[in-house]
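The values are calculated or read from the model by the stated rules, or taken from the named source; none is laboratory data. Just so it is clear, the structure is predicted and the values come from calculations on it, not from any experiment. Cβ coordinates were reconstructed from backbone atoms using ideal geometry, including for glycine residues, and neighbour counts include every protein chain displayed. Keep in mind that these areas ignore ligands, DNA and RNA; they rest on the heavy atoms of the full protein, side chains included. Shrake-Rupley method; radii C 1.70, N 1.55, O 1.52, S 1.80 Å.
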Number of protein chains: 2
Amino acid sequence: MPLNRSFKPNNLVQTIERASSILDLLGQSPQGVSIRELSAKIKLPKGTIHRLLSSLSYFGYVRQDSKTRNYLLGFKLVELGNLLLNQLDLRKEAEPFLKDLAERTKETVHMVVLDRNEVVYIDKVETDQHTSGLKMASRIGLRNPAHSSAVGKTLLAHFSDEELKNFIEEKGLAKRAENTITDSAQLRDHLKNVRAQGYAVDDEENEKGIRCVAAPIYNEGGKPVAAISISGPAFRITKKMIQESIKKEVMETALKISQRLGFRERK
Amino acid sequence: MPLNRSFKPNNLVQTIERASSILDLLGQSPQGVSIRELSAKIKLPKGTIHRLLSSLSYFGYVRQDSKTRNYLLGFKLVELGNLLLNQLDLRKEAEPFLKDLAERTKETVHMVVLDRNEVVYIDKVETDQHTSGLKMASRIGLRNPAHSSAVGKTLLAHFSDEELKNFIEEKGLAKRAENTITDSAQLRDHLKNVRAQGYAVDDEENEKGIRCVAAPIYNEGGKPVAAISISGPAFRITKKMIQESIKKEVMETALKISQRLGFRERK
DNA sequence: AACAGTATTTCGTAATGCGGAACATCCAAT
DNA sequence: ATTGGATGTTCCGCATTACGAAATACTGTT
């Protein structure tokens, strides 16, 4: 048994499960949620919800709008989340290279790690150029399926056959956009190419109109631990551009970061 | 450590209290913590700690290093923390103004809100100029005492006498650096000035060698809901510079943001 | 002023989480 | 390889903890 990441639906502490549902709901509601609503959505009596909220609130995970009395996510989460990000020295080391890459390509640069077989954004650098483009909200913290993103694919490409099989069984290959690869045989082939090439392209597979180019970052043990990418509108990130310059830029930057982490290229 | 504020020391759900202690400890340990250590520090049997960690891990609040088996903060915290930040439309509206301010002054710009009578950093913009200066770690999510920071003081300046009294009683006026104002009468006087002037200066009161200039942001109801500041080394942020340009820049930017939020200046 | 919708508190009950101890696993040293 | 020590993980009977229905206290509205 390859010690799969925390899958154990029994033994769960009820309180933590309930607290987690509450936080999830609050995460979806910028304007906050009332106890009554929470009570309705998680089917639990108001009193119970209230007790949990009191404790969560005392420790800062939740806060209450003094006007509406609605409950909202608390700043303790920002604190802990950013502590985590700052603990990743990977991120610290990569930062200057990411800025440089963004500067040179004038496109948005992302950095991700794989967590529980999903892609999690841990950094983002954009140039002043296209910053005010569309979505200003930072993607940091966001989770995406691995099979439909360039970053995810560069990481999946290093999975063993069995790991990949598990991944597909566990997560499935949901169709996120028109070009998403949803066939497992096709994905296997595709990943073989990705691995050989050393980079991956997301050709509107995750979001219509968006193309990305990604390359993996290796630690000193040669293990892929993260990935970086350049993303932008398909009309700017053309296939020609990718071949002529972008793929080279991304791969070179990824290699520099890997080397910074102690990786030595082997022949 | 005892973050007393939202009153209710009883009624606390034990599990949440314990889970919170665990997360706090993990937050202090970039390399992770073993069950044994946790068990020792939080004086609870290994079995108990393990059970809590399993649940926390299942929901993503904690992750386990597959090599060392140590436990670390989980990416769910990054996810929720950033959801919260992106929910603050205050932040969204302010962003372009902050960038502009950073660009024009070539110094680091911060934005904070008051949470439980402490300052919490919710945004930071730095120019490429001094970015590689010293501390690269983002301050986002960080908490600071209100009485020793420029941002904090501009917000305290709008407290009623009673609110201020409560604040001082609850939090005290800890000496953070040589110039920290630790006398409550003196603080009262100082805040009166801050309010009259419309801006506050942190003259190495929080950290040796660092000066900051801050101004408050008002919502449409005229209530101060946040503050912004410019910070930098004392040799660059001279008192002369503050008077000649910086205070004006900060105040003007703060006003623009306030207006963006619907604030109308009243005479 | 009365009402309606909510948030909060109470309190007797049993289910939940507790934690000591057994078991498994990993790693280092022989 | 084998052993031993240390740590992580699981088990299970017990009592404490959290439960949740209902009563009470708000808060704003007509």
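Summary table
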read-out	value
Only one of A:Leu44, A:Leu88 that is of a type in the set (A, V, I, L, M), at pLDDT 90 or above and either open to solvent by less than 80 Å² (accessible area, probe 1.4 Å) or in contact with a strand residue (DSSP E or B) (Cβ under 6 Å, 6 or more places away or on another chain) (or both)	A:Leu88
Close pairs (7 angstrom Cβ cut-off, 6 or more residues apart or separate chains): more than 10 Å from every other protein chain (Cβ to nearest Cβ) in the stretch B:111-127, of a type in the set (Ser, Thr, Tyr) anywhere	B:Val112/B:Tyr121; B:Val119/B:Ser149; B:Lys124/B:Thr108; B:Lys124/B:Ser138; B:Glu126/B:Thr108
Output for the stretch A:26-52, where each listed residue is within 11 Å of DNA strand D (Cβ to nearest atom) and either without any contact (Cβ under 8 Å) to a residue 12 or more places away in the chain or closer than 24 Å to B:Leu23 by Cα (or both)	A:Ser39, A:Lys43, A:Pro45, A:Lys46, A:Gly47, A:Thr48, A:Ile49, A:His50, A:Arg51, A:Leu52
Residues of the stretch A:25-40 classified as of a type outside the set (Asp, Glu) and over 27 Å from the mean Cα position of the chain (by Cα), total	6
Among (1) more than 8 Å from every other protein chain (Cβ to nearest Cβ); (2) within 24 Å of the chain's Cα centre (by Cα); (3) within 16 Å of DNA strand C (Cβ to nearest atom); (4) at pLDDT below 90, the one test that B:Ser21 misses	(4)
Failed criterion for B:Ala94 (all others in (1) within 12 Å of DNA strand D (Cβ to nearest atom); (2) within 21 Å of the chain's Cα centre (by Cα); (3) not basic (Lys, Arg) hold)	(1)
In the stretch A:139-170, the residues that are closer than 30 Å to B:Asn82 by Cβ and over 15 Å from the mean Cα position of the chain (by Cα)	A:Ala157, A:His158, A:Phe159, A:Glu163, A:Leu164, A:Asn166, A:Phe167, A:Ile168, A:Glu169, A:Glu170
Among residues of the stretch A:219-232, those that are open to solvent by 10 Å² or more (accessible area, probe 1.4 Å), outside any loop (DSSP other than H, G, I, E, B) and touching a His at 6+ places or on another chain (Cβ under 9 Å), counted	2
Unmet criterion (only one of (1) free of Cβ contacts under 8 Å to residues at least 40 places away in the same chain; (2) aliphatic (A, V, I, L, M); (3) within 11 Å of another protein chain (Cβ to nearest Cβ)) for B:Val62	(1)
The stretch A:1-16 - residue that is at pLDDT below 90 and surrounded by 13 or more Cβ atoms within 10 Å (Cβ to Cβ) and, of those, nearest to A:Glu162 (Cα to Cα)	A:Arg5
